[in-house]
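Before any comments, here is the structure.
The values are calculated or read from the model by the stated rules, or taken from the named source; none is laboratory data. Quick caveat, the model's predicted, so the values are computed rather than measured. Cβ coordinates were reconstructed from backbone atoms using ideal geometry, including for glycine residues, and neighbour counts include every protein chain displayed.
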Amino acid sequence: MIEERQSHRPLNNILLVMSMGKKKSLIRELINKGLWSNEKSLYEIVIVHRGVKGNRISLRLDEINGVRDGYIIVGDTLIPLHRVVEIRYKGKILLKRKHSITEE
């Protein structure tokens, strides 16, 4: 695991690479900070979504209703936090997870 973190406040200075199953609370924390910011549309979450090309889709935080009990809430859909593979802010990667789903 590689972790660079200058401070707890500036999200744009965070780069994390981690294996699956670790630090789900950090993913939740980053998403919640983005949801409470005035720049929701500048945050992007990449999640595993089987059946689409590349098995990945991207969501902007302004499309997300919240995070609760280990899930991202998007309308009536619950997406498990373990499906989050990347979080970006202004195109810069804040968090990147290794994942076992192969690209198609």
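Taking segment 54-80 on its own, how many of its residues are out of contact with any strand residue (DSSP E or B) (no Cβ under 9 Å at 6 or more places or on another chain) and closer than 21 Å to Gly91 by Cα?
Residues flagged as out of contact with any strand residue (DSSP E or B) (no Cβ under 9 Å at 6 or more places or on another chain) and closer than 21 Å to Gly91 by Cα within segment 54-80 amount to 1.
Of the numbered conditions (1) within 20 Å of Arg97 (Cα to Cα); (2) modelled with pLDDT of 90 or more; (3) surrounded by fewer than 16 Cβ atoms within 10 Å (Cβ to Cβ), Val46 fails exactly one; give the number of that condition.
The number of the failed condition is (3).
Quick check on Val74: is it within 17 Å of Arg28 (Cβ to Cβ) and buried (at least 18 other Cβ atoms within 10 Å of the Cβ)?
Values: within 17 Å of Arg28 (Cβ to Cβ): yes; buried (at least 18 other Cβ atoms within 10 Å of the Cβ): no.
Taking the combined requirement at face value, the residue does not satisfy it.
State whether the residues of segment 90-104 include one that is exposed (fewer than 15 other Cβ atoms within 10 Å of the Cβ), out of contact with any helix residue (DSSP H, G or I) (no Cβ under 9 Å at 6 or more places or on another chain) and of a type outside the set (Lys, Arg).
Here is the first cut: in segment 90-104, the ones exposed (fewer than 15 other Cβ atoms within 10 Å of the Cβ) are 90-92, 98, 100-104.
Add one more test, that the residue is out of contact with any helix residue (DSSP H, G or I) (no Cβ under 9 Å at 6 or more places or on another chain), and what stays is 98, 100.
Keeping just the survivors that are of a type outside the set (Lys, Arg) gives 100.
Scanning segment 90-104 turns up at least one residue that is exposed (fewer than 15 other Cβ atoms within 10 Å of the Cβ), out of contact with any helix residue (DSSP H, G or I) (no Cβ under 9 Å at 6 or more places or on another chain) and of a type outside the set (Lys, Arg).
From the list Glu29, Glu86, Glu44, exactly one residue is out of contact with any Leu (no Cβ under 8 Å at 6 or more places or on another chain) and at negative phi. Which is it?
On the way: Glu86 fails: out of contact with any Leu (no Cβ under 8 Å at 6 or more places or on another chain); Glu44 fails: out of contact with any Leu (no Cβ under 8 Å at 6 or more places or on another chain).
Criteria check complete, one pass: Glu29.
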